[in-house]
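The values are calculated or read from the model by the stated rules, or taken from the named source; none is laboratory data. Note that the structure is predicted; figures quoted are calculated from it, not measured. A quick note on method: Cβ atoms are made from the backbone with ideal geometry, for glycine too, and the neighbour counts reach across all protein chains shown. SASA here: full protein model, heavy atoms, side chains in, ligands and nucleic acids out. Shrake-Rupley method; radii C 1.70, N 1.55, O 1.52, S 1.80 Å.
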Amino acid sequence: MPRIGPYTLYTVETGRFRLDGGAMFGIIPKPLWERYAPADERNRILLNMRCLLLEGDGRLILIDNGIGDKFDAKFRDIYAVDHDYAELHRSLGRLGFSAADVTDVILTHLHFDHCGGSTRRVGDRLEVAFPNATFYVQRRHWEWARNPNLRERASFLPENLEPLEASGQLRLLEGPGEVLPGITVEVVNGHTEAQQIVRIDGPEGTLVFVADLIPTTAHMRPVWNMGYDIRPLVTIDEKLAFLERAEANGWHLFFEHDPEVAVVSLHRTEREVAAVHPRPLAELF
C-alpha cells in the first residue's frame, strides 16, 4: 500500500447507497448528468461511501466512516443502502484492524452518510463505535449541526451526534490547520457550514480527501454541483480556487462518493483543470 510521510494508506469501503440524481447535480439537466451517473427507476444514482485509513506514527486514523447500521427498513429502502457490497467493520477486519484500534477519527462533516458509523446501537443504548478514538470536527460545523436549519435537518441525525457529545471524545477545531503530524484540514462553506477537507502531505506527495466539495469525478466541472449545497455560488468559487492550487502543487485527489474511481491526478487544459489517471489508492504513486 502507498505511504505518505509516516503513514501507510488504506481504502476502507463502508458500503454503497443511492441519492436522487437531480439532487446530486442541481441545475444540470438529466440528459447530461446521466451520461456519467445512470439513474435507476426511482431516479437515484449509485454512490460509494469510501473512507481513508492512515496507519503510522503510533496512530490509526480514520477519515469519515460511512452511514453506520442504525437505520430501519424504511431508511434502507429510501437510500438503497448496500452493506452486502461492503461494511465498515468488515473492511477494517480485512485489513487486520478493529474499531478499538482506531485512535483518531476526522469527520469532514456530520451529514449521516459521512458520520453515521461513529455510533452504534447496543440493545436499547447508543454508544460511540470507536471507544479509544478522538473525534475531530470543526466547532462551527458542530454548532451548525446541533442547531440545524430546516433544509439540512434531515441530514443531521441526533443518534449520530448525541453519543459523541456525551462521550468526552470530541475535539472541536477552530478553523484550518494541522490536526496531526502531516495531516491538515481546510475549511469550505458551500456544501454546508465549515466542512473540512483533509490533506495528507509528505515527501512522496500530497493526497487530498475532498469529501463533498467534489463528491465524484463528474463534479469536477465548476458548475456541476449538488442541489444539497446550501451556498452553490460559494461552492463554485471554492472548487475553482482549490483545483487551481491542487493542480499547481501536483496534489492527488481521493473521492469518497465516486462509485468507480478512488484517486485521480490533475491536468490543466485550455478550458479547465481536469481529472486524469483514475486509479485505485494502491496505485497512488
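Structural remarks
- Contacts under 8 angstrom Cβ, first residue in segment 172-191 being without any contact (Cβ under 8 Å) to a residue 60 or more places away in the chain and β-branched (V, I, T), partner assigned to a strand (DSSP E or B) and surrounded by fewer than 18 Cβ atoms within 10 Å (Cβ to Cβ), 6 or more apart: T184/G177; T184/E178
- Here V12 passes the criteria (1) surrounded by fewer than 17 Cβ atoms within 10 Å (Cβ to Cβ); (2) hydrophobic (A, V, I, L, M, F, W, C); (3) in contact with a helix residue (DSSP H, G or I) (Cβ under 9 Å, 6 or more places away or on another chain) except the one numbered (1).
- Matching helices (runs of 4 or more DSSP H) fully within segment 1-87 where at least 3 residues are within 20 Å of D229 (Cα to Cα): 21-25, 30-33
- The condition (being touching a helix residue (DSSP H, G or I) at 6+ places or on another chain (Cβ under 6 Å), outside any strand (DSSP E or B) and more than 13 Å from V210 (Cα to Cα)) is satisfied by just one residue among D229, D258, D237: D229.
- Matching residues, segment 211-248, being among the aliphatic types (A, V, I, L, M), more than 18 Å from W33 (Cα to Cα) and surrounded by 18 or more Cβ atoms within 10 Å (Cβ to Cβ): A211, L243, A246
- Subset of segment 88-106 that is in a loop (DSSP other than H, G, I, E, B) and either of a type outside the set (A, V, I, L, M) or in contact (Cβ under 8 Å) with a residue 60 or more places away in the chain (or both) - its residue that is nearest to Y136 (Cα to Cα): T103
Let's see how each residue does on (1) closer than 30 Å to N43 by Cα; (2) in contact with a His (Cβ under 9 Å, 6 or more places away or on another chain):
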site: L60; (1), (2): no, no
site: G68; (1), (2): yes, no
site: K74; (1), (2): yes, no
site: I78; (1), (2): yes, no
site: A86; (1), (2): yes, no
site: L92; (1), (2): no, no
site: D104; (1), (2): no, no
site: T108; (1), (2): yes, yes
site: F112; (1), (2): yes, no
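- Checking F25, F17 one by one, the residue that is open to solvent by less than 10 Å² (accessible area, probe 1.4 Å) and closer than 30 Å to V102 by Cβ is F17 and no other.
- When R90 is tested against the conditions (1) open to solvent by 20 Å² or more (accessible area, probe 1.4 Å); (2) in contact with a helix residue (DSSP H, G or I) (Cβ under 8 Å, 6 or more places away or on another chain), the lone failure is (2).
- For segment 141-160, taking the residues that are touching a residue at least 40 places away in the same chain (Cβ under 8 Å) and in contact with a strand residue (DSSP E or B) (Cβ under 8 Å, 6 or more places away or on another chain), the one that is farthest from G58 (Cα to Cα) is identified as E159.
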